[in-house]
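Worksheet: the structure to be examined is printed underneath.
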Amino acid sequence: MCKEPVIVCDLKKGWLILLVSAVFISATGYSQHQGYRPVGDLGAFERQFAAESSKIASIESTFTQEKVLTALTEKITSTGKFWFKRSNKVRIEYLKPYTYTMIMNGDKMLFRDDQKENMVNVRSNKLFQQINQIMIDCVQGTVLESKDFNVKVFEDEKTYLLEMDPTTRSLREFFSTIVLKVDKKDFAANSIEMNERSGDRTTILFKDKKLNAQFSDAVFAF
Amino acid sequence: MRCLLFELIIAICLIGCASEYAHLQKAPNDKDCPDRLLPLVIETSWYDASVDVMGKHISGLLLVKNMPDSSKRVVFTSEAGLTFFDFSFTKDGRFSVVSVIKQFDRKAVIQTLEKDFSLMLGLPFLNRGGERYTTGDDVYFAFKEKNGTAYFITNKDCASLQRLEWGDNGKRLVTVRTPGSVFPTPATIEVDHHTFKMSIKLTRIQKE
């Protein structure tokens, strides 16, 4: 029986639930990837992944994002457009049911909503720098080189699954794991799943991918 | 001349320091009006949220969720999906933090948001019996709480809710409006602070 003020008890209870969920999630991490088996020759995979993904100079696609609040049994689905150009340009534009744009171009990130736009220099903010780098690493196939994650690799017939465990404290505060699924056909990202410590998760599913499509750099202009 | 200046200063001070609720006139209680409009309920909804605090701007998605046990949850996430905070209000209005990221985990921030959301969710008005005041075309129902007075303000004939306010020591602190829409499905909710620069604008998302 908690003898402290109610809010302290509730907070402790909340943290206990989080702790139990975190332990449960790590303990069941392997079995979560049903139908996948560990990749046998990791070295060969790394070499092939680096070689094949380096052939992707640009991506233009649509996406569907699903945010699931597990404990509240709520989810919200949004759709939009995605552009990537090697080596460090990304534009994510949410179109429905709300509008929001994120542009990463070199050291700068722009966030634009209905009301305002904010420009951030990622060099001055380590967290933004890391989030920027996650997205770039996931789509350009350099995630295996990242020091921010320990990566385990699994496969099924059509896809590779990269389970990324954050190693830095700042990323661990937000994510328990990030799961990237890569198409074996062209080594482009099929989906990115961000799992939060609370059990909530956000999955971005890329569709209608056009690899190495020609489009103007103006897409990434601020 | 010096005397006139002194009187002017006194007059400005009196206007400036006057209670913003001093013009309210006590009126006989009317149980029917609050019974007609209360309790305020917001149906479970997602809102596109825009928050401006002292020149800083942050946007995201705000979920207001009515739970099966009659408690309410208010969850704020980024558009890209990251959960910033998850607050809970029990059915009798007791507040707790379910989760909050480090960047929002400041006592003053949490207390401010708790008061804002509690007013928005109509929690101070759960205990009926507010005192009735009138002024011009507005009717105020004042509900005294530990940390201020919550006002439920209707038009003269109690046909509609005009706005909600937090006041303390005669000062207006926070106003909640739902311009052009009504509970339980307000399309827009605006929360404005009057003692420092902070505003929250929520626009209801029509899920596909």
*When both residues are 6+ apart or on different chains and their Cβ atoms are under 9 Å apart, which pairs have a first residue that lies in the stretch B:189-202 and is in contact (Cβ under 8 Å) with a residue 40 or more places away in the chain, and a second that is surrounded by fewer than 18 Cβ atoms within 10 Å (Cβ to Cβ) and in a loop (DSSP other than H, G, I, E, B)?*
B:Ile189/B:Pro179; B:Ile189/B:Ser181; B:Phe196/B:Met54; B:Lys197/B:Met54; B:Lys197/B:Gly55; B:Met198/B:Met54; B:Lys201/A:Gln115
*Hey, among B:Val191, B:Val182, which residue is outside any strand (DSSP E or B) and hydrophobic (A, V, I, L, M, F, W, C)?*
B:Val182
*Quickly run through the stretch B:155-173 and pick out the residues that are in contact with a helix residue (DSSP H, G or I) (Cβ under 6 Å, 6 or more places away or on another chain) and buried (at least 19 other Cβ atoms within 10 Å of the Cβ).*
B:Leu161, B:Leu164, B:Trp166
*Count, please, the residues in the stretch B:138-149 that happen to be touching a strand residue (DSSP E or B) at 6+ places or on another chain (Cβ under 6 Å) and either under 16 Å from B:Arg94 (Cβ atoms) or not polar (S, T, N, Q) (or both).*
7
*Run A:Ile92 past the list (1) within 17 Å of the chain's Cα centre (by Cα); (2) within 15 Å of A:Asp217 (Cα to Cα); (3) more than 9 Å from chain B (Cβ to nearest Cβ); (4) surrounded by 20 or more Cβ atoms within 10 Å (Cβ to Cβ) and report the number of the one that doesn't hold.*
(3)
*Of the residues in the stretch A:104-136, how many are in a strand (DSSP E or B) and more than 14 Å from chain B (Cβ to nearest Cβ)?*
3
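Scan the stretch A:135-152 and give yes if some residue there is surrounded by 14 or more Cβ atoms within 10 Å (Cβ to Cβ), out of contact with any strand residue (DSSP E or B) (no Cβ under 9 Å at 6 or more places or on another chain) and under 25 Å from B:Asp86 (Cβ atoms), otherwise no.
No, the stretch A:135-152 contains no residue that is surrounded by 14 or more Cβ atoms within 10 Å (Cβ to Cβ), out of contact with any strand residue (DSSP E or B) (no Cβ under 9 Å at 6 or more places or on another chain) and under 25 Å from B:Asp86 (Cβ atoms).
Where a number appears in this text, it was derived from the coordinates with a stated rule and is not lab data. What you see is a predicted model, and the numbers here were worked out from it, not measured in a lab. Backbone-built Cβ (ideal geometry, glycine too); neighbour counts: all protein chains shown.
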